[in-house]
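A.B. asks: Here you go, one structure.
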Amino acid sequence: MFDKIAVVGAGTEAGSEIIGLIDERGFPCKEILPLDDSASPETSVHFRGEDLQVYPVEANSFGGCDLAFFAAGESVSARFVPEAMRQGCMVIDASEYSRRDPKVPLVIPEVNPEAIAGHSGIIASPSPSTINMALALMPLHQAASITRIIASTSQSVSAHGKKGMDELADQIKALLTFKEPEVREFPYRVAFNVIPQSGEFSENGYTRAEMGTADDIKRLFGDDKIRICLTSVIVPVLYGDFASINIETKKKMDPDGVRRVLRNAPGVKVEDDPSRGLYPMASEAVGMDECFVGRIREDLSARNGIAMWVVSDNIRRGIVLNAVEIAEHLVQGLSAPGQ
């Protein structure tokens, strides 16, 4: 049990949802400390029937805390994760700050729960796009050994927080009233548009986000021989991570075999009946815990190929649930015999 839990980024949607999910799932703790780098006296969150004030995060904020969730972005994690650990606080970091450190376990509990045991006081949670793909692909890798992945991943504007959602709303309003939309958070206008760039470009022509997701998939699967080509785009949708995925496998699988595997996979729900127009959509995934998979079919361009469409809620499933599930596994380990 973690008696006192700090949530850094409590003023963000992801941070406040972490607090809500801790309450919803009855996670064992006595006290929540909401923290945020831009907190004001008016900022509060709801927990167990009370409104809790969100306090500014400072270097000495973590005294007496047993666990800290970080959901405030890479720069905030870079400043305060070392401070939290220095004060004896276990850290679950949902930002990019910890993901690139090979000494920090990168964990999706449905995919590689065994990695949790190797932590040294900090665990990294992958990006929502990585989680969306890995939940659907890991069971197929275990069943048939994936050798190649080609995917186009789509990122909703909520990945940029409230500023991203506000910009989409403002741009739509401007365009519908024949005004020039203002571009602030995104490289170009996002309303009624698709931007084929998520993050900064690297010298090889891929973005940092694309290369990061490819590297993280290999690391989670424990297989650096998988060939991966990703294209990440930003779409004018409020919530959701979406991926059109083509895979090649060593062992041939037909679409029915893929459906059977995925129906038994943890965290995955198959919605795939083209005759009834049944397939996953962003509007149906919002607020849901599952990763939804549909449009499962043979890839006609590959010998052992499968194509599919994968959708999940980038906030609820891609940040919040994964972080809380990691904490639940930690509690189970603490309560195990001999611990």
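A.B. asks: Express the carbon and sulfur contribution to the solvent-accessible surface of region 205-300 as a percent, rounded to the nearest whole number, probe 1.4 angstrom.
C.D. replies: Carbon plus sulfur share of accessible area: 49 percent.
A.B. asks: Just to make sure I understand: if all protein chains stay in place, what is the order of Leu238, Leu230 by accessible area at 1.4 Å, largest first?
C.D. replies: Leu238, Leu230
A.B. asks: Would you mind getting the accessible area per residue of region 225-303, heavy atoms of the protein chains only, 1.4 Å probe, in Å²? Display every interim value, and only then the final one.
C.D. replies: Working: 4390 Å² over 79 residues.
Averaged over the residues of region 225-303, the accessible area is 56 Å².
A.B. asks: Output the antiparallel fraction of DSSP beta bridges having both residues in the chain, as a percent to the nearest 5.
C.D. replies: 50
A.B. asks: Write out the GluC sites (Glu not before Pro) in region 231-339 meeting two conditions: DSSP loop, and at most 15 other Cβ atoms within 10 Å of their Cβ.
C.D. replies: Passing both the DSSP loop test and the Cβ count: no residue.
A.B. asks: Could you list log10 I(q)/I(0) for region 110-231 at q = 0.12, 0.14, 0.23 Å⁻¹, which the Debye formula gives when each Cα is one point scatterer?
C.D. replies: Taken in order of the listed q values, log10 I(q)/I(0) reads -0.58, -0.73, -1.30.
A.B. asks: In addition: Can you give the log10 of the normalised intensity I(q)/I(0) at q = 0.07, 0.08, 0.16 Å⁻¹, computed with Debye over equal Cα scatterers of the chain?
C.D. replies: Ignoring solvent entirely, the Cα scatterers give -0.30, -0.39, -1.43.
A.B. asks: What stretch of the chain, leaving out the sites themselves, is the longest with no trypsin sites (Lys or Arg not before Pro) in a DSSP loop having at most 15 other Cβ atoms within 10 Å?
C.D. replies: 104-178
A.B. asks: As a test question: what accessible area, to the nearest 10 Å², does Tyr279 have when a 1.4 Å probe is rolled over all protein chains in place?
C.D. replies: 90
A.B. asks: Heavy atoms only, 1.4 Å probe, whole protein assembly: order Asp256, Asp299, Asp166, Asp51 by accessible area, highest first.
C.D. replies: From most accessible down to least: Asp51, Asp256, Asp166, Asp299.
A.B. asks: Continuing with the same structure: Any idea how far the Cα center of region 200-244 sits from the one of region 88-161, in Å?
C.D. replies: For region 200-244 versus region 88-161, the Cα centre distance is 12 Å.
A.B. asks: First compute the accessible area of region 11-163 with a 1.4 Å probe, then give the percent of it belonging to carbon and sulfur atoms.
C.D. replies: 48
A.B. asks: Let me ask something else. If you take the Cα Rg of region 198-339 and divide it by 2.2 N^0.38 Å, with N the number of residues, what do you get?
C.D. replies: 1.19
A.B. asks: What helices does the chain have that are whole DSSP H segments, at least 15 Å long along their own axis by Cα, and with mean Kyte-Doolittle hydropathy of -0.5 or more?
C.D. replies: Taking the DSSP H segments of the chain (at least 15 Å long, mean hydropathy at least -0.5), we get 13-24, 74-86, 128-144, 161-176, 322-334.
A.B. asks: What's the magnitude of the charge dipole for the chain around its Cα centre, counting Lys and Arg as +1 and Asp and Glu as -1 at the beta-carbon? Answer in Debye, nearest 20.
C.D. replies: 1160
The values are calculated or read from the model by the stated rules, or taken from the named source; none is laboratory data. Keep in mind it's a predicted model, so treat the numbers as computed, not measured. Note that each Cβ is placed from the backbone with ideal geometry, even for glycine, and that neighbours are counted across all protein chains shown. Heads up: the accessible areas ignore ligands, DNA and RNA and are worked out on the full protein's heavy atoms, side chains in. Shrake-Rupley method; radii C 1.70, N 1.55, O 1.52, S 1.80 Å.
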